[in-house]
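Note sheet for the following structure.
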Amino acid sequence: MMNETLLDVNLKVYTDAATASKYVAYRIATEILDKQIAGEKAVLGLATGSTPKKVYQHLINLHKNAGLSFENVYTFNLDEYYPMQPVADQSYVRFMNEQLFNHIDIPKKNIFIPDGTLSTDAIAHYCESYEQRIADLGGLDVQLLGIGRTGHVGFNEPGSDWDSTTRLVTLHDVTREDGAADFGSKENVPTQAITMGMQTICQAKKIILMAWGEHKASIIQRAIEGTVTADVPASYLQQFKNVEYIIDNEAAALLRK
Ligand code: F6R
């Protein structure tokens with residue numbers, strides 16, 4: 001069973017994150033160009049955190065030095081802390097502006113990031129409309145993912161259902177520990193977030209999960225080779241053929257293959 005699963009896995013292991021990130025950036029650029037040629041929109045699901053930073057740098061380079069335009073691109077970010085003001089240092093709105101959007105020609109109206117400023121009673125309706133917006137644009141063409149040490153993708157922490165959709169969630173203790181550096185201490189990390197669900201993610205036409213570094217090796221082994229379980233939400237991705245795992249040598253260290 002395990003061997004069969006492994007044979008099916010679309011896994012690429014690179015020597016380092018820089019080379020792997022270049023590959024991912026070219027994949028996204030190709031998607032955007034293919035859609036431009038067809039006169040269509042490209043709908044991208046984007047992640048924050050340290051993992052995709054180099055991908056965004058390459059995309060900016062392709063825009064500045066190779067004329068790649070983002071005018072036909074729509075983006076939906078996976079998640080945002082709750083509560084969170086967009087101007088705050090740790091907001092994912094700020095992250096995306098600084099790491100990507102301020103440096104490319106994407107129309108501002110095409111950018112969607114979960115709103116961390118809502119009142120709690122407005123969240124459920126907002127999450128439904130986030131799903132609806134994605135659906136109205138024909139669904140996500142490519143979803144970029146990092147993976148947390150808890151096995152989360154987006155902020156779908158252990159216990160998340162495979163058919164979960166965009167919603168307010170409680171962050172795992174380990175995730176808040178990992179966020180401590182950005183917030184000064186773990187206590188300052190919000191306890192909640194708004195995240196796309198596992199179903200939202202898995203409905204994307206293509207999914208690219210990236211992981212770099214030895215601190216991701218153990219969770220990558222469980223996500224790719226372990227049992228499909230709510231304890232490791234990323235393991236749900238094993239059930240989909242459109243998932244590509246792009247990792248570096250260090251993150252691959254514990255894979256048995
Ligand atoms: C971020 C997100 C998270 C991160 C994950 C890994 O939008 O959805 O799932 O991808 O926590 O974070 P880094 O890349 O900082 O190791």
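For this structure, a couple of remarks:
- Only one entry of R176, R133 meets the criterion of being within 13 Å of the ligand (Cβ to nearest atom) and out of contact with any Gly (no Cβ under 7 Å at 6 or more places or on another chain), and that entry is R176.
- Among (1) touching an Asp or Glu at 6+ places or on another chain (Cβ under 8 Å); (2) part of a strand (DSSP E or B) - the single one L168 does not satisfy: (1)
- Answer from V142, V153 - the residue that is touching a Gly at 6+ places or on another chain (Cβ under 8 Å), within 16 Å of the ligand (Cβ to nearest atom) and closer than 15 Å to V169 by Cα: V153
- Residue satisfying condition, being under 20 Å from V55 (Cα atoms) and either near the ligand (Cβ under 10 Å from one of its atoms) or modelled with pLDDT of 95 or more (or both), within set G148, G226: G148
- Among the residues of the stretch 148-165, none qualifies, meaning not one is touching a His at 6+ places or on another chain (Cβ under 8 Å), crowded, with 16+ Cβ neighbours inside 10 Å, free of Cβ contacts under 8 Å to residues at least 60 places away in the same chain and under 27 Å from W212 (Cα atoms).
- Only one of N102, N97, N72 that is under 17 Å from the mean Cα position of the chain (by Cα), surrounded by fewer than 19 Cβ atoms within 10 Å (Cβ to Cβ) and modelled with pLDDT of 95 or more: N97
- For the stretch 1-18, filtering for residues that are loosely packed, with under 12 Cβ neighbours inside 10 Å and either modelled with pLDDT of 95 or more or within 19 Å of the chain's Cα centre (by Cα) (or both) leaves 1.
- For the stretch 180-252, the strands (runs of 3 or more DSSP E) that sit wholly inside it and include 2 or more residues that are over 30 Å from D136 (Cβ atoms) are 243-248.
- Members of the stretch 190-207 found to be open to solvent by 10 Å² or more (accessible area, probe 1.4 Å), touching a residue at least 60 places away in the same chain (Cβ under 8 Å) and over 15 Å from V169 (Cα atoms), listed by number: Q203, K205, K206
- Within the stretch 224-241, the residues that satisfy the criterion of being hydrophobic (A, V, I, L, M, F, W, C), under 13 Å from Q199 (Cα atoms) and open to solvent by less than 20 Å² (accessible area, probe 1.4 Å) are A234, L237.
- Check on Y74, within 23 Å of V153 (Cα to Cα) and out of contact with any Phe, Trp or Tyr (no Cβ under 8 Å at 6 or more places or on another chain): no
The values are calculated or read from the model by the stated rules, or taken from the named source; none is laboratory data. As the structure is a computational prediction, the values presented were derived from the model and not from experiment. With ideal geometry, Cβ positions are generated from the backbone for all residues, glycine too; neighbour counts draw on all protein chains shown. Just the protein is used for accessible areas: all its heavy atoms, side chains included, with ligands, DNA and RNA removed. Shrake-Rupley method; radii C 1.70, N 1.55, O 1.52, S 1.80 Å.
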